[in-house]
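See below for the structure under consideration.
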Amino acid sequence: MALLNDQQLHNLAMNIAGKDLESMGYEFLGVNSKIGKNPQFVAIKDSKLIFVLVRAIQYPDNPVFYDKALAEKVRDHGEKHKARTYYAGVGLANSLDYDLPIDSDQNYIVNYTGLIEIKP
């Protein structure tokens, strides 16, 4: 049994959000997987630049809720680069029991609804 630490959970969330961005046709210009460095993705599609904040959210917290002050700070930075800013909250839970921590030896459940635009 090996519980996933915060960085491993963050990397898992980034993989899920990154695959979503790729499926939408985005090309990555920058990827920052270190916790605390924002945004996690800088991507482009059709000459339109986006910044994406990614967060791994463990059950019972709701992955669609985000830190508004941080999101606005990143959005303001994005606007300087003519980029739109999005939040990607990836909910994660142990598939055997939602109240147990996520373990590398067990399956997990993903609650991801896609990108949420951070608007002024």
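Coordinate-derived values only; no laboratory data. The structure presented is a predicted model; accordingly, all values stated were derived computationally and were not measured. Glycine gets a Cβ as well: all are built from the backbone with ideal geometry, and neighbour counts include every protein chain shown.
Things worth noting here:
- Extreme residue, nearest to the chain's Cα centre (by Cα), among residues of the stretch 1-24 that are surrounded by 10 or more Cβ atoms within 10 Å (Cβ to Cβ) and within 22 Å of Ser47 (Cβ to Cβ): Ala17
- Within the stretch 28-62, tally of residues that are of a type in the set (Gly, Ala, Ser) and assigned to a strand (DSSP E or B): 3
- Checking Ala88, Ala2 one by one, the residue that is closer than 24 Å to Pro120 by Cα and touching a residue at least 60 places away in the same chain (Cβ under 8 Å) is Ala88 and no other.
- Residue match in the stretch 56-63 (condition: of a type in the set (Val, Ile, Thr) and within 13 Å of the chain's Cα centre (by Cα)): yes
- Checked against (1) touching a Phe, Trp or Tyr at 6+ places or on another chain (Cβ under 8 Å); (2) surrounded by 13 or more Cβ atoms within 10 Å (Cβ to Cβ); (3) basic (Lys, Arg), Lys73 passes all but a single condition, namely (1).
- Residue satisfying all of: in the stretch 9-39; without any contact (Cβ under 8 Å) to a residue 12 or more places away in the chain and polar (S, T, N, Q); nearest to Ala93 (Cα to Cα) among these: Asn15
- Taking the criterion of being among the hydroxyl-bearing types (Ser, Thr, Tyr) and over 18 Å from Asn11 (Cα atoms), the only residue of the stretch 67-94 that qualifies is Thr85.
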